[in-house]
Amino acid sequence: MKTVIDGMTIGYTDQGNGTPLVFIHAFPLSKTMWQPQVDSLPDTYRVITIDLGGHGESDIVLWNDTLDDYAKNVIGLLDHLGIAQAVFVGLSMGGYTLFSIYRHYANRVKAMVLADTRAQADSEEGKAGRRSMAQVAFKEEAPAIADIMLPKLLAPSTIEHRPEIVEQVRQMILQTSTAGIVVDLVAMTARPDSTDLLSTISCPTLVIVGEDDQATPVAESQYMAQRIPRSTFVTIPQAGHLSNFEQPAAFNQALNSFLEKCPL
Ligand code: MLT
């Protein structure tokens, strides 16, 4: 499905009835990364996935270049769909977007799932790495970004033994526009530190991380879980950064059991 919000075409999916669950994808992927959750969640939930600007089926407004802009686009879609409150699930860059949503629209958040993400802003070295990745994207486009990102997104065991997963993730990256990749890098580089926000998060929160996550290691998730008052912490064995896609059964089980216990 598609709609136009604030002059930007947004691709999204919307299925089921009941408590809305809104899934926000990682860099440099698309809503397709949530297919294993969309396929398995009961239709007693209203499951919504969204393509951020320049990803999947969404167009891009180039000056929407902060995570606050991304948050506004997500909330704009919820307004369009008539949804006042939702459970939000964000993985990595989706988690950074979720911090912006909580900072500006906390009253829209019933509960949240912070998957394979971190609260800290980028280090100077991290910022420099993003600037050089943006140059690579400009010159060599998505195939070169796929070569850089696949070993960061997937556990070494996934890369070695599960070529079909590697190929699916590569295809998702190849469908991301160069503009989308570069704007994400600009937005992530400029994102504020969210460490101080953690102790103010008052909704039920699931912090979840792949045991072999190299991009946002387990210790960073533990750090968040220790500071968020009503948090549950789960690690996913044999998964890297893309824990929901590499080990969907374990991820879905953690998600379902969190949702069942949540006062929704
Ligand atoms: C992501 O998966 O969204 C990225 O790895 C996030 C990042 O580069 O910080």
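The values are calculated or read from the model by the stated rules, or taken from the named source; none is laboratory data. Treat the numbers as computed from the prediction; the structure is a model and nothing was measured. No Cβ is skipped: glycine too gets one built from the backbone with ideal geometry, and neighbour counts run over all protein chains shown. In case anyone asks, the SASA skips ligands and DNA or RNA and just uses the protein heavy atoms, side chains included. Shrake-Rupley method; radii C 1.70, N 1.55, O 1.52, S 1.80 Å.
Quick check, is Leu21 touching a Ser or Thr at 6+ places or on another chain (Cβ under 8 Å) and either modelled with pLDDT of 95 or more or over 23 Å from Tyr105 (Cα atoms) (or both)?
Criteria not met by Leu21.
Find all pairs meeting these conditions: Cβ atoms under 6 angstrom apart; at least six residues apart or on different chains; first residue within region 183-200 and at negative phi; second residue open to solvent by 30 Å² or more (accessible area, probe 1.4 Å) and in a helix (DSSP H, G or I).
If the second residue must be open to solvent by 30 Å² or more (accessible area, probe 1.4 Å) and in a helix (DSSP H, G or I), the pairs left are Leu185/Arg130; Thr189/Lys127; Thr189/Arg130; Leu198/Arg227; Ser199/Arg227.
Which pairs have Cβ atoms under 7 Å, sit 6 or more apart or on different chains, and link a residue in region 111-126 that is more than 13 Å from Leu255 (Cβ to Cβ) and open to solvent by 10 Å² or more (accessible area, probe 1.4 Å) to one that is among the hydroxyl-bearing types (Ser, Thr, Tyr) and within 8 Å of the ligand (Cβ to nearest atom)?
Arg118/Thr216
Can you pull out the residues in region 198-234 that are within 19 Å of Pro156 (Cβ to Cβ) and away from the ligand (no atom under 16 Å from the Cβ)?
Glu211
Answer yes if at least one residue in region 43-58 is outside any strand (DSSP E or B), more than 15 Å from the ligand (Cβ to nearest atom) and under 24 Å from Arg130 (Cβ atoms), and no otherwise.
yes
Are any residues in region 177-214 in contact with a Leu (Cβ under 7 Å, 6 or more places away or on another chain) and open to solvent by 10 Å² or more (accessible area, probe 1.4 Å), and if so, which ones?
Within region 177-214, Ala179, Val183, Arg191 meet the criteria.
Need at least 3 residues that are more than 16 Å from the chain's Cα centre (by Cα) and not polar (S, T, N, Q) per element, so show me which helices (runs of 4 or more DSSP H) inside region 144-257 make the cut, counting only ones lying wholly within it.
Counting at least 3 such residues, we get 156-161, 163-174, 178-189, 195-198, 218-227.
Using the structure shown, decide if Ala134 is within 13 Å of the ligand (Cβ to nearest atom), touching a residue at least 24 places away in the same chain (Cβ under 8 Å) and not in a loop (DSSP other than H, G, I, E, B). Quick ask: steps written out before the conclusion?
On the way: within 13 Å of the ligand (Cβ to nearest atom): yes; touching a residue at least 24 places away in the same chain (Cβ under 8 Å): yes; not in a loop (DSSP other than H, G, I, E, B): yes.
Spelling it out, Ala134 is indeed within 13 Å of the ligand (Cβ to nearest atom), touching a residue at least 24 places away in the same chain (Cβ under 8 Å) and not in a loop (DSSP other than H, G, I, E, B).
Under 6 Å between Cβ atoms, at least 6 apart or on separate chains: pull out the pairs that start in region 71-96 with a residue that is more than 15 Å from the ligand (Cβ to nearest atom) and end on any residue that is small (Gly, Ala, Ser) and not in a helix (DSSP H, G or I).
Sorted first by the residue in region 71-96, then by its partner, the pairs are Val87/Ala111.
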